[in-house]
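The values are calculated or read from the model by the stated rules, or taken from the named source; none is laboratory data. The structure displayed is predicted, hence computed values, not measured ones. Please note: Cβ atoms are built from the backbone with ideal geometry, for glycine as well, and neighbour counts cover all protein chains shown. In case anyone asks, the SASA skips ligands and DNA or RNA and just uses the protein heavy atoms, side chains included. Shrake-Rupley method; radii C 1.70, N 1.55, O 1.52, S 1.80 Å.
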Amino acid sequence: MKTANMLLDKDFAIGSIDRRIYGSFIEHLGRAVYGGIYEPGHPTADAQGFRRDVIRMVQKLGVPVVRYPGGNFMSGFNWEDSIGPAASRPARLDLAWFTTETNEVGLHEFVEWAKQANTEVMYAVNLGTRGVDAARSVVEYANHPSGTYLSDLRVKNGAKEPFGIKLWCLGNEMDGAWQIGHKTAYEYGRVANEAAKVMKWVDPTIELVACGSSSREMPTYGAWEYQMLDECYDEIDYVSLHRYYGNRDGNTPAYLARGMEMDMFIREVVAICDAVGAKKRSKKKLGLSFDEWNVWYHSNQQDKEVLKLDKWNRALPLLEDIYNFEDALLVGSMLITFLRNADRVKVACLAQLVNVIAPIMTRNGGGVWAQTIYWPLMQASAYGRGTALRPIVQSPVYDCADIDAVPYLDATATLADDGSVTLFAVNRDMGEDIRLTADLRAFGDLMVAEHSVLHHDDVNAVNTEAAPDTISPAQGDLGTLEGGKLAITIPRLSWNVIRLVPKA
């Protein structure tokens, strides 16, 4: 058995954890909306057609904010298509995903769904085919009380009170040639600045996210952030980052190390943000919005076949990754990475929420179940609150294809307002448990309340509708806690949540 040590102190504070780092994403893509959150005629559907069984799963997941309605979809979307009587809304070709969007579910419906799901809306505006005027108009429609054409139109459409949407995205992945209305960094920075300016004139309480690079591999990465921020730094609040990982070559040790690459990505973008801020002599520190992140590779070939057979149909089964056990471990490490960077990462959206590269899966007319990646997000959202701490961890390491000195033990900690401490840990070792010794003397008299372990002997094991609990949390070794020092076993290939609470 390998051994590792952790030293933790109240003074090792990284920063306050913004609850929105446990957000998610619903795009008008595949079966995320139609057949996902919305399925009239389903046995659990409410009067509006929303699946109550899905709502219960989302509530349990504890998602505080959901980005909507895209994604690539949004760069060709007219927000006006999604309001008014549903029967008179236009059907449009969606050029992002080569399907037909019927607009049955629109802005009002999604706001109502979000209330039922105990979450908030993060709304994206179209800076692809649209621009400044549409951006200010949708803010007025959504958030202005009444007395103007657009706010009164919202009232006429059934919403007397403003929606009060506080978080807004200024376009999506505008650095990508695949994006409708793709722009250079300068072009995007200019339109983002002007859109941000008038949106905040309409509602000064909102926060705005500008598009960073759509991936770290983009040829314009770095230069894009610097130039676009040079144009819009003063008007925005966050810069977006997007990151997806896969394990196409079946190299589990290298795959589980990807959280370290994500950490490098975050630190690089922070450095660029601060460089622009320094150039402008600004006192403002921009936050980061990691508003697309996940594992995405299982469904790539399947998607090609679906579009060959059924292009332009409604709600095609696209991006339906079936997640295995090792995917859950990587998602756990990615959540640990967000906590390690809680001073700057203030928003994060697991992409996506239902059916489309999602923790929740449904069958049309049938059941709903949790994929493997559901559990780390649910537990982090439940217990990763308060202050993020920076533990000093000594762990054995390994080298992999493109990252050296990867710690076998990936771990971090949080301190809640009630004095409880939570340790989150992933054991990347495929063959050995790790005996962890954690020095917690700085936190007074604690006791181990819970050790939850997510483990399976087969890294390719999955959850299904027929066997939804194949991979689910189980009780782990509670270890020993004497003299403020915890000794506990972290099983091989496992995600762990260790909760320590003050003794009564």
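Before rounding to the nearest 500, sum -39500 (n - 2.57) across all DSSP H runs of length at least 4 in the chain and divide by the residue total; then give [θ] at 222 nm in deg cm²/dmol.
Mean residue ellipticity at 222 nm (helix-derived): -8000 deg cm²/dmol.
Give the aspartates and glutamates whose C-alpha is closer than 13 Å to that of K2, dropping any in the same chain fewer than 8 places away, or say none.
Within the straight-line cut-off, K2 pairs with D429, E432, D433.
Across 5 Å bins from 0, what is the distribution of all Cα-Cα pair distances for the range 43-111, in whole percents?
Once binned at 5 Å, the Cα pair distances of the range 43-111 give 3, 14, 21, 21, 19, 16, 5, 0.
Running Debye on the range 291-446 with equal point scatterers at the Cα sites and no solvent, what base-10 log of I(q)/I(0) appears at q = 0.12, 0.13 Å⁻¹?
-0.66, -0.75
Roll a 1.4 Å probe over the protein chains and send me the accessible area per residue for the range 305-447 in Å².
On a per-residue basis, the range 305-447 sits at 32 Å².
Given a 1.4 Å probe, how much area per residue of the range 107-151 is accessible, in Å²?
Accessible area per residue: 36 Å².
³J(HN,Hα) across the range 242-257 via Karplus (A = 6.51, B = -1.76, C = 1.60, θ = phi - 60°), whole Hz, x for Gly/Pro?
Working through the residues one at a time gives 10, 7, 10, 10, x, 10, 5, 9, x, 9, 4, x, 5, 4, 6, 8 Hz.
If you roll a 1.4 Å probe over the range 309-401 with all protein chains in place, what percent of the accessible area is carbon or sulfur?
Here it works out to 50 percent.
Please report, in cubic angstrom per residue, the volume enclosed by the convex hull of the alpha-carbon atoms of the range 157-275.
Cα convex hull per residue, to the nearest whole number: 158 Å³.
Which three semi-axes in whole Å describe the equivalent ellipsoid of the range 370-504, each the square root of 5 times a Cα gyration tensor eigenvalue, listed largest first?
Over the Cα atoms of the range 370-504, the ellipsoid semi-axes are 25, 19, 14 Å.
Taking 23 Å as the cut-off for C-alpha to C-alpha distance, list the pairs among K200/K280; K10/K283; K10/K280 that go past it.
K10/K283; K10/K280
Residues with amide H under 5 Å of A449's amide H, sequence separation 5 or more or different chain, H placed in the peptide plane at 1.01 Å from N; which?
Correct list: R499, L500, V501.
Taking only protein heavy atoms and a 1.4 Å probe, what accessible area per residue, in Å², does the range 17-59 have with all protein chains in place?
30
Given the C-alpha atoms of the range 293-352, compute the convex hull and give its volume per residue in Å³.
Here the figure is 87 Å³ per residue.
If I compute solvent accessible area with a 1.4 Å probe over the protein chains, what percent of it on the range 132-200 is carbon and sulfur?
Carbon and sulfur together cover 55 percent of it.
Note the per residue figure in Å³ for the convex hull of the C-alpha positions in the range 237-313.
Hull volume normalised by residue count: 128 Å³.
List the aspartates and glutamates whose Cα sits under 16 Å from the Cα of K183, skipping any in the same chain fewer than 8 residues away.
By straight Cα distance, K183 reaches E173, D175, E194, E225, D230, E231.
For a 23 Å ceiling on Cα separation, which of these pairs sit above it: K115/K160; K60/K485; K197/K284?
Over 23 Å Cα-Cα: K60/K485.
log₁₀ I(q)/I(0) of the chain at q = 0.09 Å⁻¹, via Debye over equal Cα point scatterers, no solvent, to two decimals?
-0.63
Starting from the 7 Å offset along Cα-to-Cβ, what nm value, one decimal, do you get for the label separation of K283 and N118?
Placing both labels 7 Å along Cα→Cβ, they lie 3.9 nm apart.
Carbon and sulfur together cover what percent of the accessible area of the range 1-117 at a 1.4 Å probe radius?
Reported share for carbon and sulfur atoms: 53 percent.
Could you work out the percent of alpha carbon pairs in the range 447-499 separated by over 16 Å, rounded to a whole number?
The answer is 47 percent, as a whole percent.
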